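K.L.:
What follows is a single structure, and I will ask about it in a moment.
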Amino acid sequence: MLTILVAASALDRTHASTRRCWEAGESSTRRTFTTEELGSGKSSISSRAVRHLEAASEGGTRGWMSVRTEFEPASGFRYQVLAEGGSDRIRTRVLRRVLDTETEWSSKTELPKSALTEANYVFEACAQEGEYRRMSMTPRRKDSRLIDGSLLLIPRRGPLRLEGRLAKSPSFWVRWVDVVWEYQDIAGAMMPVRVRSSANVRFFGLSTFEMTYEYEAINGQPIVVAAALGQEPRGLVTPSRHP
């Protein structure tokens, strides 16, 4: 799981399905969860997708990109830019940096360091909600790949939603980064479909980021792409200061 380095509109930190157990007034149980229970053994899944990335600064400057990405367990992650527009600085320093970092972190040696596993997190189970399990997650170390937050999980299948704050700031220039990951069942695998994040950047204020996924293939199985390629993403709100 790639942790976004820079950050779409302000995040709802008290979402009913993903807030920490104590925030919901519930008791919790700390125990060990296996990789199978967490549904986190996904590093062997290959995929091809078109992603739409967009970032904006508090002053209203924005940039966007549409890229085709591929991940293969043996060779890692790679991407091809299909279309782009807006601020060259944002595209270069934010959007390409996100993609280049994912490339670096996709190797067999680096992927386990960000995985949703007991090696990286301490988990506390909240109440069971039908087939869903709500859980709190605390990183075992200060690492910008890890998230201090909570998740909504389908046991033995994978997460539906994960949100929180990066365990470590990725840079001196970034005070904090909040992220939300959303997942869907695609061709029998729980895959990320949307990432939103917001970051407090020194001297610049709140910056936002959003990335959506349109899958073309999972493990070689073709997936219908609903949206036209190369179109400028819509709907990202220019950030405003918190009261």
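K.L.:
Considering only residues of the stretch 203-229 that are at pLDDT below 50 and surrounded by 11 or more Cβ atoms within 10 Å (Cβ to Cβ), which is nearest to His52 (Cα to Cα)?
P.N.:
The residue in question is Leu229.
K.L.:
Something else now. Please work out which residue is surrounded by the fewest Cβ atoms within 10 Å (Cβ to Cβ), limiting yourself to the stretch 119-156 and to residues that are out of contact with any Gly (no Cβ under 6 Å at 6 or more places or on another chain), among the small types (Gly, Ala, Ser) and closer than 18 Å to Trp181 by Cα.
P.N.:
Ranking the qualifying residues of the stretch 119-156, first place goes to Ser144.
K.L.:
In this structure, does Leu116 turn out to be in contact with a helix residue (DSSP H, G or I) (Cβ under 7 Å, 6 or more places away or on another chain), buried (at least 16 other Cβ atoms within 10 Å of the Cβ) and closer than 17 Å to Ala167 by Cα?
P.N.:
Yes: the conditions hold for Leu116.
K.L.:
If you go through the stretch 69-96, how many residues are closer than 18 Å to Ala55 by Cα and surrounded by fewer than 17 Cβ atoms within 10 Å (Cβ to Cβ)?
P.N.:
Total meeting the criteria: 8.
K.L.:
Out of (1) surrounded by 19 or more Cβ atoms within 10 Å (Cβ to Cβ); (2) farther than 19 Å from Gln221 by Cβ, what's the single condition that is false for Ala49?
P.N.:
(2)
The values are calculated or read from the model by the stated rules, or taken from the named source; none is laboratory data. Since the structure is predicted, the reported quantities are computational estimates derived from the model, not experimental observations. Note that each Cβ is placed from the backbone with ideal geometry, even for glycine, and that neighbours are counted across all protein chains shown.
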